[in-house]
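Working notes, structure below.
The values are calculated or read from the model by the stated rules, or taken from the named source; none is laboratory data. Predicted model only: the values in this text are computed from it and were never measured. Here the Cβ positions follow ideal geometry from the backbone for every residue, glycine too, while neighbour counts run over all protein chains shown. With ligands, DNA and RNA removed, areas are computed over all heavy atoms of the protein, side chains included. Shrake-Rupley method; radii C 1.70, N 1.55, O 1.52, S 1.80 Å.
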Amino acid sequence: MARRCYGSTSVVAFLMVCAALVSVINVGQLSVFLRTKRHTAYGPDTGLYSIGYTLRGNLSMESCQAVPDSLVGKLNIDLGAALKSPTPSKHQDMLPGGAWSPKSCVSRQRISIIIPFRDRQAHLDILVYNLVPVLKRQKVAFRIFVVEQFGNKTFNKGRLMNIGFTEARKHDEFDCFIFHDVDLIPEDDRNMYTCSDNPRHMSPALDKFNYTMLYKSLVGGVLSFRDKHFTKVNGYSNLYWGWGAEDDDMHKRLSASKLSVERPSITIGRYTMIKHDKKDVSSVRLSLLKTSTTRYLKDGLNTLEYKLVETRLEKLWTRIIANVGDPPKNQTENPL
Ligand code: UDP
Ligand code: MN
């Protein structure tokens, strides 16, 4: 091509055509580079394995059924079973980092399960042991992210949720994010782990409370969001340190953003809660809650700060270990 450029009589015109061609080629090369870079950045050589194309599935196949025939309904939960064999052989078809997609059809949604975590390994083993077969019967493509708070300062669940959302999106494209307490075990596989048009509170009925909803605005436990809705509410508040009220704050964000919350019926939205102690109750949680509506657009995803300590691709989940920072010395009602 260079020789043809020199050989041409109308050099200027031809140079312009050449320049245009070169710029097109460059754009092409750039996009190839970007695509390759994504593979390299998440390739096996770096230890960060990209599963994006796997979760997307083989698009020449049919979509999976919205309500698959494989569902069995009410489940008998045996909390002890998981501890005898935390990694059963039936989970061996999962990809490193805790991802799976159906083989016989294309999943309607790719979901990211985000579990805030610290120091509850037995609960995590029990949850994953019980949840993975449910997800497989529901025929949803999924990846599990365990978001672990680094160090031993006061726990901050809201920050971990926001970190999970932010980090998960670096690994794959997801249609749906499900924020999931580590100690809630689903009792019915008709409670679909997918997103609806509105955020959905999936755990209205806990065995601990006799399967009744404690109060109307409850959104704690298991909550599903489309990406755009989680962004619209600006994620969770970053300001709740210790136990309590970050979920009630989320309800206020949803109301302020005019998003209504769906729920399954209390015969299907049932969970067994693994028993544990309650510690580190926040003393300012109720006063923080009072200012939630005026504060939420400047406290959340858009003000999130953290240090990623490590991302580990473990057998059944991706463990994201993050330093969420330190709680303030004197927590006030409205630190903003
Ligand atoms: N959590 C954790 N370690 C802790 C405290 C909380 O992993 O030390 C996570 C875990 O996912 C748990 C959730 O945060 O299910 C909510 O905390 P907790 O269960 O103590 O509160 P509850 O919802 O039972 O009132
Ligand atoms: Mn709990």
Quick check for you: which residues of segment 235-257 have the amide N under 18 Å from the point 7 Å beyond the Cα of Lys279 toward its beta carbon?
241-244
What's the center-to-center distance, using Cα atoms, between segment 178-256 and segment 74-123 in Å?
20 Å
Enclosed volume per residue, in Å³, of the convex hull spanned by Cα atoms of segment 64-104:
113 Å³
Considering the zone a paramagnetic label at Arg56 would reach in this model (a point 7 Å from Cα along the Cα-to-Cβ line), which residues of segment 143-180 have amide N under 11 Å from it?
173
Of the cross-linked pairs Lys90/Lys157; Lys258/Lys329; Lys84/Lys216; Lys157/Lys298, which ones have a Cα-Cα span greater than 29 Å in the structure shown?
Lys90/Lys157; Lys258/Lys329; Lys84/Lys216
Across bins of 5 angstrom width beginning at 0, how are the C-alpha pair distances of segment 224-297 distributed, in whole percent?
3, 14, 21, 18, 18, 17, 8, 0
Quick one: which of Lys228/Lys290; Lys153/Lys232; Lys103/Lys307; Lys139/Lys315 span more than 28 angstrom between C-alpha atoms?
Lys153/Lys232; Lys103/Lys307
Cα-derived Rg to Rh of segment 159-215, Kirkwood definition
1.01
Tally up the carbon and sulfur contribution to the accessible surface of segment 185-321 as a whole percent, 1.4 Å probe, everything protein left in place.
52 percent
